[in-house]
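Visitor: Here it is, the structure, as structure tokens.
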Amino acid sequence: MLPTPDKQNAHMAVFLPVPLMDSDPDYAPLTLANHLLGGGGSSRLWVRIREKEGLSYGVYSYLAWNQDERNSPWQAQAIFAPQNRPKVEAAFREEVARALQEGFTATELQEAQRGLISARRLSRAQDARLAAGLASNLRLDRTFAISQQVDDAIAAATLEQVNAALRKYIRPEAFVYGFGGDFKE
């Protein structure tokens, strides 16, 4: 808990090391699982914490995929009014637990696959992203064919693979939580 007196907003950050890199077979399934959990506007965390309960100004999760070693941190963040900290944390923990217990649905997966592939294609239409991708591919001795391979893996991922990746790598008992805000506790 980091006290930040007189700040209007508070922040929650959650960290989890994930022993994967972007060339591992679980890359696409875990990318999809993260997208469904907290990676988009229709994600479980967003819908519950932002839309249904109105507790947060923004909540999301992401994977910082490592290209060189099997160490890709999963992170989640939320911004909220300081007095909402206990409710935000409880809702976050509950939604992660619900996803792990129930898994995602086929409909959710299909929407995530379409959304992620569309977003990936759109990013490849931007000059800055193309230049960064080219530099990265040259450094890693890859070609842009890797982009199509990833798109294909996302499209081919099964619900079983996505739910299995979620349960294998997203381990709440290993989460590290950090909070910053003007908490009057």
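FYI, it's all coordinate maths here, none of it is from the lab. A quick note: this is a predicted structure, and the numbers were derived from the prediction, not measured. All Cβ positions, even for glycine, are placed from backbone atoms using ideal geometry, and neighbour counts span all protein chains on display.
Visitor: Would you order L116, L32 from fewest to most other beta-carbon atoms within 10 Å of each residue's own beta-carbon?
Guide: With the sparsest Cβ surroundings first, the list reads L116, L32.
Visitor: Moving on. Rank by packing, highest mean first: peptides 123-136, 43-56, with packing defined as the count of other Cβ atoms within 10 Å averaged across residues.
Guide: Listed from highest to lowest mean packing, they are 43-56, 123-136.
Visitor: About its Cα centre, how strong a charge dipole does the chain have in debye, to the nearest 20, once Lys and Arg get +1 and Asp and Glu get -1 at the Cβ?
Guide: I would put it at about 260 debye.
Visitor: Over the alpha carbons of the stretch 140-185, what is the largest minus smallest coordinate on each principal axis, giving the biggest first in Å?
Guide: 53, 28, 16
Visitor: Below 8 Å between Cα atoms, with a sequence gap of 6+, how large is the relative contact order for the stretch 44-185 in percent?
Guide: 21 percent
Visitor: From the alpha carbon gyration tensor of the chain, can you work out the equivalent ellipsoid semi-axes (sqrt of 5 times each eigenvalue) and give them in Å, largest to smallest?
Guide: Working from the Cα gyration tensor, I get semi-axes of 30, 19, 16 Å.
Visitor: Once amide H atoms are placed 1.01 Å from N in the peptide plane, what residues at a sequence separation of 5 or more from A10, or on another chain, have their amide H within under 5 Å of its amide H?
Guide: Answer set, sorted by chain and number: F80, A81.
Visitor: Give me the aspartates and glutamates in straight-line cross-link reach of K87: C-alpha distance below 16 Å, same-chain residues under 8 apart excluded.
Guide: Once the sequence-local aspartates and glutamates are set aside, what remains near K87 is E51, E53, E95, D182, E185.
Visitor: Also, I was wondering about something else. For the stretch 27-112, how big is the tail of P(r) above 16 Å, as a whole percent of Cα pairs?
Guide: Every Cα pair in the stretch 27-112 considered, those over 16 Å come to 52 percent.
Visitor: Still on this model: I need L100, L37 ordered by Cβ neighbour count within 10 Å, fewest first.
Guide: Going from sparsest to densest Cβ surroundings: L100, L37.
Visitor: Also, I was wondering about something else. Cα gyration tensor of the stretch 53-163, axes a ≥ b ≥ c as square roots of the eigenvalues: rounded (a/c below 1.5), prolate (a/b > b/c) or oblate?
Guide: Prolate.
Visitor: While we're on this one: In whole Å, how far is the Cα centre of the stretch 74-134 from that of the stretch 23-65?
Guide: One Cα centre to the other: 2 Å.
Visitor: Among F15, N71, V59, flag the residue with its Cα farthest along the positive direction of the charge dipole of the stretch 1-90, charges on Cβ as +1 for Lys/Arg and -1 for Asp/Glu.
Guide: Toward the positive end, the furthest listed residue is V59.
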